[in-house]
Amino acid sequence: MEDRDALHPEKRDNGRHYLSPASYTLSKKEKKSMFECLSSVKVPSGYSSNIKGILNLQEKKLTNLKSHDCHVLMTELLPIALRGILPENVRLTIVKLCAFLNAISQKIIDPDNLTKLQNDVVQCLVGFELIFPPSFFNIMTHLLVHLVKEIDILGPIFLHNMFPFERFMGVLKKCVRNRARTEGTSPVRTEQRRLLNFVLILLMILNRLGSLNHGMRGD
């Protein structure tokens, strides 16, 4: 602790001690800058949910985050929002982790780069140990170490993530009209969707056959 005098409590004139904020703590000005940057982001349709819908600008909080929202924030938006704020060692460590998550989320990954990715994530966690308190680290933080090995065994992450299933669960929840009888309304709506899809496919096939017959008759 001798070489970290900034972490020592400061004794005030009234006899109380003041503990300075940690290096990773955002000031009000930095929070305002970060949230203004996120609220001004515009993405293509279907890329992610509406970013403004998860921002509470008054309380400066992120609310109602889905797993895909966290994925987009960590891989794409957070490095942009952190520009110009936080100390350099904190910012670069977080941005390096975001770059790692973005690299392993690609559809094509060179097997020769797996060793480099593993070294990168280990360096990120070492950097986090120098910045954040022990309470920050839990099993979810530790699982980052095993992601590269998982890619080596199972292939790219997009082939075995949960986003399609979670998105389909949202579709099934929208099928429920009577929440008191979910076991009845959900299957009925699902069968209606399947029947509608079957009719649309049948009409497309009939339309193509009609075009072929029309061309063969030479009309």
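The values are calculated or read from the model by the stated rules, or taken from the named source; none is laboratory data. Everything numeric in this text was worked out from a predicted model, so none of it was measured. FYI the Cβ positions are ideal-geometry reconstructions off the backbone, even for glycines, and counts take in every protein chain you see.
In the set (1) out of contact with any helix residue (DSSP H, G or I) (no Cβ under 6 Å at 6 or more places or on another chain); (2) modelled with pLDDT under 85, LEU143 fails one condition alone, (2). Within the range 1-36, the set of residues being out of contact with any Ser or Thr (no Cβ under 8 Å at 6 or more places or on another chain), farther than 27 Å from ARG167 by Cα and not in a loop (DSSP other than H, G, I, E, B) comprises ASP5, LYS11, HIS17, TYR18, LYS28, LYS29, GLU30, LYS31, LYS32, SER33, MET34, GLU36. Checked against the criterion of being surrounded by fewer than 18 Cβ atoms within 10 Å (Cβ to Cβ), farther than 24 Å from MET162 by Cα and modelled with pLDDT under 90, the candidates ILE108, ILE131 yield just one match: ILE131. The residue that is farthest from LEU86 (Cα to Cα), among those in the range 1-52 that are surrounded by 12 or more Cβ atoms within 10 Å (Cβ to Cβ) and of a type in the set (Asp, Glu), is GLU36.
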